[in-house]
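Engineer: Take this structure, written in structure tokens, and hold onto it; I'll ask about it next.
Nothing in this text is a laboratory measurement; each read-out follows from the coordinates by a stated rule. Bear in mind that the values here come from a model prediction, so they are computed numbers and not experimental data.
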Amino acid sequence: MPTHKRLKRKRPARKQPPTLLILAGIALLMIAVFALKSGDNPSASSSLESQLDQALNAKRPTFVFLHSLDCIPCKEMMGTVADVYPDFQDSVVLIDVDVYVRSNQNILRRERLQSIPTLVFYDAQGNRQLFIGAMPPDQFRQTLSQLVSG
């Protein structure tokens, strides 16, 4: 009887993915997700708060403008600010806050935002005056003048 040797075929070895590359890929993905999640430039928010703190500590008159880019009264007030504020830019600090930028949440809480647009005026002594809604240009000019004159 002939003995047949059964030839064993070598199965191709499964290539295992390089573990180090997978871990590096996961780490990069996590870093990217974290960077995007912290989004909206968190340093911008802290800089808005630090600008406000610096202005108040320096006893400078300050105008905090809380608004969105798409509400109609906000757009109206943005036009007023663009027309009137340049006359006061050397004497009144402007803190321009878009309420829909997620990183601005701390300053929104700090200013107790309830509605937009909200205009917050601080005189040199740090006294706070609040106005909700679009302010007429003449009243806005008068308010800024009063801040400067004390």
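Engineer: Once you have the Cα-Cα distance between Arg60 and Asn127, take 0.36 nm times their residue separation minus that, and quote the gain in nm to one decimal. All intermediate terms of the calculation are to be shown ahead of the outcome.
Structural biologist: Working: separation 67, 0.36 × 67 = 24.12 nm, distance 1.11 nm.
Value of the extension gain: 23.0 nm.
Engineer: Please list 3J(HN,Hα) in residue order for the stretch 82-99, calculated via the Karplus relation 6.51 cos²θ - 1.76 cosθ + 1.60 where θ = phi - 60°; whole Hz, with x for glycine and proline.
Structural biologist: After applying 6.51 cos²θ - 1.76 cosθ + 1.60, I find 4, 7, 9, 4, x, 5, 10, 4, 7, 10, 10, 7, 9, 10, 9, 10, 7, 5 Hz.
Engineer: Using 0.36 nm per residue, how much length does the chain from Asp90 to Ile72 gain when fully extended, once their Cα-Cα distance is taken away? Show your work: numbers first, answer last.
Structural biologist: Numbers: separation 18, 0.36 × 18 = 6.48 nm, distance 2.83 nm.
Length gained between Asp90 and Ile72: 3.6 nm.
Engineer: Report the full-extension gain for the segment Tyr100 to Arg112: residue separation times 0.36 nm, less the Cα-Cα distance, to one decimal in nm.
Structural biologist: On the way: separation 12, 0.36 × 12 = 4.32 nm, distance 1.49 nm.
This chain segment gains 2.8 nm when fully extended.
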